[in-house]
Each structure stands twice: as structure tokens, then as C-alpha cells.
Amino acid sequence: MRILAADDQPLVLSAIKQSLKDTDFELHFAKNGKEAMEKFEALHPDLVIVDLNMPGKNGFDVLQHIRDSKAETTPVMVMSGEDDEAVKVRAFNAGADEYIQKPVGLSELRIRTQKMLKQPISSAAYNDDSKASQVIQKSMVGVVIPCYNEETRLNTDTFKKFVDSNLGYHLCFVNDGSKDNTLQVLQKLSKGREEYISVYDCAQNGGKAEAVRQGVLHMVKDPQLNYIGYLDADLSTNFQDFDDLVQTISDSDFQIVGGSRISRMGADITKAGSRAIISKTINLMIRNILGMSFQDTQCGAKVMTREVAEKMFQEKFKTSWLFDVEIFLRMKNYYGAEKAQKLICEQPLKRWVHEDGSKLSMKDSIKIIMQLLKITFSKK
């Protein structure tokens with residue numbers, strides 16, 4: 001039996017393929033509505049799986065085309081991140097037979113597909129533990145992870161486990177001119193997972209700010225990504241907290257959502273005593289420079305819309321470690337202080353740990369203060 005799946009995000013199509021790879025179904029894919037209509041006429045599929053939000057001809061156009069054709073009884077399954085009841089009603093009124101809302105697990109997708117085609121539900125759909133934990137995300141997210149001499153610190157198993165389970169993420173590791181074997185470790189990590197893990201190699205060390213900037217600009221070129229963020233390689237902020245940031249931005253009008261390491265009830269926020277004092281001093285200086293009441297600009301976990309990423313990362317940053325402050329200043333200059341404050345969200349983390357081996361020393365803290373002074377005298 002033939003299945004035609006249409007979605008403008010390759011990560012979603014790859015997940016559908018993974019969900020149904022061990023079945024006898026003949027799978028065909030379309031990357032937009034126009035191509036879906038053409039392949040529908042050529043293939044006469046037994047089932048169509050279609051996303052609603054595609055450029056040009058969208059999912060509703062595809063539904064109308066199918067229902068207006070001679071094969072108007074072909075079952076259609078809509079798989080979309082839209083959770084508005086009015087959208088769902090419109091889809092059913094347009095002729096959808098089933099509506100699956102993202103995020104959705106691969107096992108559920110497989111079972112629903114088999115039921116729609118009146119096929120036996122294979123035991124693999126129930127017993128495959130690997131698929132049970134795999135989820136097609138609501139939004140596609142690119143995550144930039146800067147790396148400098150991380151050969152012995154990278155927890156590669158954690159990164160593999162995350163992308164294998166969360167099929168809407170693409171991790172872009174930026175090798176910032178490492179002098180050890182970091183590049184080789186990253187290349188090995190991405191092997192066999194190229195759709196979900198890539199390596200951007202900078203021949204020379206340019207510092208964290210430039211590594212993140214290069215990675216973000218690289219990710220912006222991928223049109224399937226709804227959001228782009230960055231995360232420290234030591235995972236002091238874990239993936240669960242980062243995914244919470246993504247959920248917040250996807251369900252709101254915020255343009256940037258950043259983690260905040262403010263201690264609160266129920267959170268595991270660990271810092272060395274001297275580091276905590278220095279952090280409070282630096283944060284006070286930053287709030288005065290910004291003129292906006294953010295508590296923690298320097299947490300290395302943030303996610304933003306692709307539009308903001310494209311606008312705020314074009315120019316090089318003036319400082320090596322305080323590019324987060326510069327991003328907020330650019331938001332302030334572009335949108336005005338009042339609007340920028342509303343577009344940026346600080347979200348308390350449930351866990352943050354200062355990992356052993358961090359390269360930030362007391363001497364570096366003095367450098368940070370000097371960089372803050374540089375920003376103060378150079379801001380518009």
C-alpha cells in the first residue's frame with residue numbers, strides 16, 4: 001500500500017520514514033503542497049499524511065485538491081502543530097479523516113496509520129522501546145553548541161540519546177579552532193546522524209561569541225527551523241530545561257526565551273561561593289548598563305525566533321563573553337526598551353550546575369568587568 005507524506009520540514013519527513021520503516025508500506029514524500037498534489041495524481045496513494053502549514057499551496061489546498069479529484073475517498077491524515085479547535089474543525093470540514101497534533105510519538109503515528117489503512121496492528125508498535133520514547137516535535141529547533149578543547153568533557157552519549165528521542169531538533173556543534181581532538185570527536189558523534197547533528201568547523205579560535213554567531217548564521221540558512229538557540233557544551237543547563245524554554249517560546253509571543261539561574265524553591269542551582277558573589281556583582285552592573293530589569297542575562301541557554309536570530313547576529317560582537325548583553329542591547333536599540341522588555345522572557349531553570357573544568361577563573365571575571373566597561377562606553 002502506498003503512503004504519501006507531505007511536509008516542508010525534512011526532519012518531520014525523516015521521522016515519518018523512521019516510524020514506518022519496518023512496515024510493508026511504500027512510502028513517498030513531498031516537501032510542499034504543490035509537489036504533494038502532483039505526486040497524488042501520479043501515485044494514487046492509499047493514504048495521504050499532510051501538514052497544514054506549508055509555503056505556497058498549504059495543507060488545506062491539498063485537502064481540497066484530493067476531495068475534488070476522482071479519488072475523493074482517499075483517506076487523509078492531518079499531522080500538525082496547530083492546537084486551535086477552530087483549525088481542527090476546519091480541517092475535518094475540508095475532508096480530513098484523522099487529525100494528529102504534534103508533538104506525537106512514533107509508535108502512536110505507526111498505530112494510527114495502520115488503523116486508517118485497516119491493517120493489523122503489528123506487535124512492534126507496542127514492543128519497540130526505542131520508538132516508544134521517540135517524539136516528532138511541534139516545532140523544529142536548531143541548537144548551536146560552541147566547543148573549544150572539549151575532547152575529554154563532551155558527554156557524547158547524552159547528545160546521541162537526546163536527538164534519537166527528540167526528532168525535531170538539529171544540534172550544530174561549532175568547533176572553535178580546538179587544539180586537541182575535539183573535531184574528530186564531533187565528527188564521530190555526527191556520523192550516521194547527519195540529519196540531526198552537524199559540525200561547523202572554524203579553522204581558528206575566535207572565542208565563544210564568534211563561535212555562537214557563526215553557528216547561528218549557519219543555522220538560519222536552514223528554512224525548516226522555526227527556532228534557533230544555543231547551549232553550553234558541558235550541559236550545565238540540561239536538555240529537559242532547554243526543551244522547556246522551547247515550549248515557552250512556541251506557546252507565546254516572546255522572541256527570545258533565556259534560562260535564568262535564580263535560586264528558587266524546588267530548583268537545583270549550584271555555584272561556588274566566590275562565583276556566586278562575582279555573578280551577583282556582574283549582574284548588577286549589567287542591569288545598570290541595559291536599563292532593563294533582567295536578573296540573569298549570562299545563562300548559556302537561550303532560544304529565539306529565526307527572525308530575531310537573523311537580525312541580531314549579523315554584526316560581530318564587541319566582547320568575547322558578554323555577547324548575551326550585546327544581544328539584549330541590540331534588541332533594545334531595534335525595538336525600543338519597552339517593547340524589547342516584553343519580547344524577552346527569563347525562565348527560571350529547574351537545574352543548573354557549575355561543572356568541574358569550567359574555563360572561567362577569577363582572572364577571567366576581572367576581564368568580564370573590563371568588557372562591561374567597553375560595552376558601556378561603546379553603546380549607542
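The values are calculated or read from the model by the stated rules, or taken from the named source; none is laboratory data. From a predicted model like this one, the values you see are computed outputs, not experimental measurements. Using ideal geometry, Cβ is built from the backbone for each residue, glycine included, and neighbour counts are taken over all protein chains shown.
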(request) Quickly run through the stretch 18-35 and pick out the residues that are in a helix (DSSP H, G or I) and at pLDDT below 95. (result) Gln18, Ser19
(request) Residues being assigned to a loop (DSSP other than H, G, I, E, B) and either surrounded by fewer than 16 Cβ atoms within 10 Å (Cβ to Cβ) or not polar (S, T, N, Q) (or both): count how many of those fall in the stretch 68-91. (result) 10
(request) State all residues of the stretch 173-185 that are buried (at least 23 other Cβ atoms within 10 Å of the Cβ) and either touching a helix residue (DSSP H, G or I) at 6+ places or on another chain (Cβ under 9 Å) or under 24 Å from Leu13 (Cβ atoms) (or both); if no residue qualifies, say none. (result) Phe173, Val174, Asn175, Asp176
(message) Can you tell me which condition His218 does not meet? The list is (1) out of contact with any helix residue (DSSP H, G or I) (no Cβ under 9 Å at 6 or more places or on another chain); (2) crowded, with 21+ Cβ neighbours inside 10 Å, and all the others hold.
(response) (2)
(message) With the requirement that a residue be assigned to a loop (DSSP other than H, G, I, E, B) and not polar (S, T, N, Q), what does the stretch 312-353 give you?
(response) Phe313, Glu315, Lys316, Phe317, Lys318, Trp321, Leu322, Gly336, Leu349, Lys350
(message) Pull out all pairs, ordered by first then second residue, where Cβ-Cβ is under 7 Å, the residues are six or more apart or on different chains, the first lies in the stretch 1-28 and is closer than 18 Å to Pro103 by Cβ and assigned by TED's automatic domain parsing to the domain that holds Val76, and the second is among the hydroxyl-bearing types (Ser, Thr, Tyr) and not in a loop (DSSP other than H, G, I, E, B).
(response) Leu20/Thr113
(request) Output the residues belonging to the stretch 36-45 that are part of a helix (DSSP H, G or I) and surrounded by fewer than 17 Cβ atoms within 10 Å (Cβ to Cβ). (result) Glu38, Glu41, Ala42, Leu43
(message) Here is a check on your reading of the model: is Ser165 within 26 Å of Glu326 (Cβ to Cβ), hydroxyl-bearing (Ser, Thr, Tyr) and surrounded by fewer than 20 Cβ atoms within 10 Å (Cβ to Cβ)?
(response) no
